[in-house]
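What follows is a set of notes on a single structure, which appears directly below.
The values are calculated or read from the model by the stated rules, or taken from the named source; none is laboratory data. This structure is a prediction, so every number in the text was calculated from the model and none was measured. Heads up, the Cβs are rebuilt from the backbone with ideal geometry, glycines too, and the neighbour counts pull from every protein chain shown. Just the protein is used for accessible areas: all its heavy atoms, side chains included, with ligands, DNA and RNA removed. Shrake-Rupley method; radii C 1.70, N 1.55, O 1.52, S 1.80 Å.
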Amino acid sequence: MNFINSIEFAKGLDANDALKGFRNKFYIPLINGKESIYFTGNSLGLQPKTTQDYVLDELEDWASFGVEGHFHARQPWFSYHEVFPSLLSKIVGAWPEEIVVMNQLTVNLHLLMASFYRPSKEKYKIICEAKAFPSDQYAFESQVRFHGLDPDKAIIEVSPREGEHCIRTEDILSTIKQHANETALVIFGAVNYYTGQVFDMPAITSAAHEAGACCGFDLAHATGNIELHLHEWDIDFACWCSYKYLNSGPGGVAGAFIHKRHITDDTLPRLAGWWGYEKATRFNMDKGFKPIPTAEGWQLSNAPVLSMAAHKASLDIFEEAGMDNLAAKGKRLSDYLLFILDEINAVLKEKMIELITPRNEKEKGCQVSMLMLKKGKEVFEALKQNGVLADWREPNVIRIAPVPLYNSFEDIYRFGEIVKNILEH
Ligand SMILES: *Cc1c(COP(=O)(O)O)cnc(C)c1O
């Protein structure tokens, strides 16, 4: 579609947006008494107005029932987490038995690597993206050391080519091929947090499998952003957090996916805890771990119900909106943003912004990364003074995430006017 950089046009897109009513379900933070333009949903998603009630219900049940709430709360805590797989299965494209909600993202990454990174003398390498999110880098490095190996030898990073910002799929696939005999695990962030690049998950997975390696993805920036088909793509495992696009509150409970073909494989090593134990006999407290024959078998601890209540509030909104509708709108918002920023670049005397997010439909979601060629930090600070909450990444990138649940095309138009004004003065 042909976009126009005008307030009427932006308002027209909003008026025709079937998801426009969802914005009103969220609290939009104020800056100087006015609604901010909130573009940091990829860092911390906004609070649904329903979250308080969901959490309050659990606090009330705790007050009323004490320990009996495990079985007598309105949503008994013993089985509280069981509501999530069916809701998340539509968001990540997996069978319910392949999904479990538990722990935090980096914890889940370690638990899954305990099962799926099993280096042997010949096959011990991990292939990942260069400049992965720091927590992932530290997880890979410490896993390698845990097995008594040297990270400098065992971790192969695929980088963008000289002068480019995104990693070419062909380079990922050829690296996997080149190291096929030594590779134990291929693991990528599905959406790179810095550039917003969406990786070709099915192609990477099949190349990893051809090399006889396992393949996993960190979906921190993908879940609730882009369409996913984890089961169909034959991915071995994945994990994600719930506080970014899934709006489930700071440090909210995370999720994990383990492909069906692995969930009952009792040859896989795993780090066990009582909440992963067969439900019918869990309270016999017997010796000898018997895992639940679903992804739940990877659980360690009893469920953090207050955090799960916030998660449920948000996932009920996703259910109503539909993940495919959200993914389509997210791309559209990004496209409009790219269009507006292109226009701004075209009228400036010198180019100030390099847009490093791929233009290709398949390689982007609802994030646009602006590499600032000049005065990046000053522009970023000025944005905040003008009511825009964006995200700064060293050394010089401003990340903008227009989120389909609560951002509008008008937000993008107004952002464009603010950016233009800052750059011209
Ligand atoms: C946000 C993010 C994390 C954060 O990890 P936590 O364990 O939730 O603190 C890790 N990895 C990636 C790729 C992320 O985007």
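Can Ser6 be described as loosely packed, with under 15 Cβ neighbours inside 10 Å, of a type outside the set (A, V, I, L, M) and modelled with pLDDT of 95 or more? Can you show your working first?
Working: loosely packed, with under 15 Cβ neighbours inside 10 Å: yes; of a type outside the set (A, V, I, L, M): yes; modelled with pLDDT of 95 or more: yes.
In short, yes.
Could you say which residue among Ala295, Ala238, Ala256 is farther than 28 Å from Ala328 by Cα and touching a residue at least 12 places away in the same chain (Cβ under 8 Å)? Break it down stepwise before answering.
Details: Ala238 fails: farther than 28 Å from Ala328 by Cα; Ala256 fails: farther than 28 Å from Ala328 by Cα.
Within the list Ala295, Ala238, Ala256, the selection yields Ala295.
Quick check on Val158: is it within 16 Å of the ligand (Cβ to nearest atom), of a type in the set (Val, Ile, Thr) and in contact (Cβ under 8 Å) with a residue 12 or more places away in the chain?
Yes.
Within segment 335-377, which residues are of a type in the set (S, T, N, Q) and under 17 Å from the mean Cα position of the chain (by Cα)?
Thr357, Gln367, Ser369
Select from segment 380-424 the residues that are open to solvent by 10 Å² or more (accessible area, probe 1.4 Å) and over 19 Å from Ile31 (Cα atoms) and write down the one among them that is modelled with the lowest pLDDT.
Filtering first and then ranking leaves Glu424.
Counting just the residues of segment 79-118 that are open to solvent by 40 Å² or more (accessible area, probe 1.4 Å) and away from the ligand (no atom under 16 Å from the Cβ), which one comes out nearest to Gln137 (Cα to Cα)? If you could, list the steps in order and put the result at the bottom.
Restricting attention to segment 79-118, the residues satisfying the condition of being open to solvent by 40 Å² or more (accessible area, probe 1.4 Å) are 82, 86, 90, 95-97, 104, 106-107, 110, 118.
Those still in the list that are away from the ligand (no atom under 16 Å from the Cβ) too: 82, 86, 90, 95-97, 118.
Working: Glu82: 31, Ser86: 31, Lys90: 29, Trp95: 29, Pro96: 29, Glu97: 29, Arg118: 18 Å.
Checking each candidate, the answer is Arg118.
Which one of Val186, Val191, Val198 is more than 14 Å from the ligand (Cβ to nearest atom) and among the aliphatic types (A, V, I, L, M)?
Values: Val191 fails: more than 14 Å from the ligand (Cβ to nearest atom); Val198 fails: more than 14 Å from the ligand (Cβ to nearest atom).
On inspection, the qualifying residue turns out to be Val186.
Given the conditions (1) closer than 21 Å to Phe257 by Cα; (2) touching a strand residue (DSSP E or B) at 6+ places or on another chain (Cβ under 6 Å), and given that Leu337 satisfies all but one, which numbered condition is not satisfied?
If we test Leu337 against (1) closer than 21 Å to Phe257 by Cα; (2) touching a strand residue (DSSP E or B) at 6+ places or on another chain (Cβ under 6 Å), just (1) comes out false.
Quick check on my filter: what residues within segment 288-301 are surrounded by 15 or more Cβ atoms within 10 Å (Cβ to Cβ) and either of a type outside the set (A, V, I, L, M) or in a helix (DSSP H, G or I) (or both)? Lay out the reasoning, then the answer.
So the first thing to find is which residues in segment 288-301 are surrounded by 15 or more Cβ atoms within 10 Å (Cβ to Cβ), and the list is 290-292, 294-300.
Lys290, Pro291, Thr294, Ala295, Glu296, Gly297, Trp298, Gln299 - these are the residues of segment 288-301 that are surrounded by 15 or more Cβ atoms within 10 Å (Cβ to Cβ) and either of a type outside the set (A, V, I, L, M) or in a helix (DSSP H, G or I) (or both).
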